[in-house]
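For reference, the structure discussed in these notes is given below.
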Amino acid sequence: MREGSKRDLARRLRRELTPHEQKLWYLLRDRRFSGVKFRRQVPIGPYIADFAAVACKLIVELDGGQHAESRQDGIRDAYLESEGWTVLRFWNSDMDANREGVLARIAEHLPSAPPRPRQG
């Protein structure tokens, strides 16, 4: 996929979040969650991540039923992890049934305090 078309796709996906992505984005945006900046629909290499905390190299993916037993997801995760990213995957139903568990798992992968700017 060309770089420009990938950016266009990411923009379109930002406008068309699923209801489950909207719920999670509300909790992550504006540094609301642990003071960490998350971005949504972020182009990373040949892929677009649902949510990414770039400073922490953490990707959060919300998956619907179309991802069940997806071989492509494994290939994608292996690539992203080889680039130094941690990938957390949750089912859409987890956002409905276990929102606090989802947030706790994300928090496990974040620094305990927001990073401070370097002095000097």
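The values are calculated or read from the model by the stated rules, or taken from the named source; none is laboratory data. Here the structure is a predicted model, which is why all the values come from computation and not from measurement. Virtual Cβ from ideal backbone geometry, glycine too; neighbours counted across all protein chains shown.
Quick look at the numbers
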{"read-out": "Single residue of segment 29-61 satisfying the filter (of a type in the set (A, V, I, L, M) and more than 10 Å from the chain's Cα centre (by Cα)) that is nearest to VAL102 (Cα to Cα)", "value": "VAL36"}
{"read-out": "Residue match in segment 45-58 (condition: in contact with a Gly (Cβ under 9 Å, 6 or more places away or on another chain), of a type in the set (Ser, Thr, Tyr) and more than 18 Å from ARG105 (Cβ to Cβ))", "value": "no"}
{"read-out": "Wholly within segment 41-111, helices (runs of 4 or more DSSP H) carrying at least 2 residues that are surrounded by 14 or more Cβ atoms within 10 Å (Cβ to Cβ) and either touching a Pro at 6+ places or on another chain (Cβ under 7 Å) or without any contact (Cβ under 8 Å) to a residue 60 or more places away in the chain (or both)", "value": "71-82"}
{"read-out": "Single residue of segment 8-40 satisfying the filter (touching a helix residue (DSSP H, G or I) at 6+ places or on another chain (Cβ under 7 Å) and of a type in the set (Lys, Arg)) that is surrounded by the most Cβ atoms within 10 Å (Cβ to Cβ)", "value": "ARG40"}
{"read-out": "Answer residue from segment 62-84, given it is of a type in the set (D, E, K, R) and modelled with pLDDT of 95 or more and is farthest from LEU103 (Cα to Cα) among those", "value": "GLU83"}
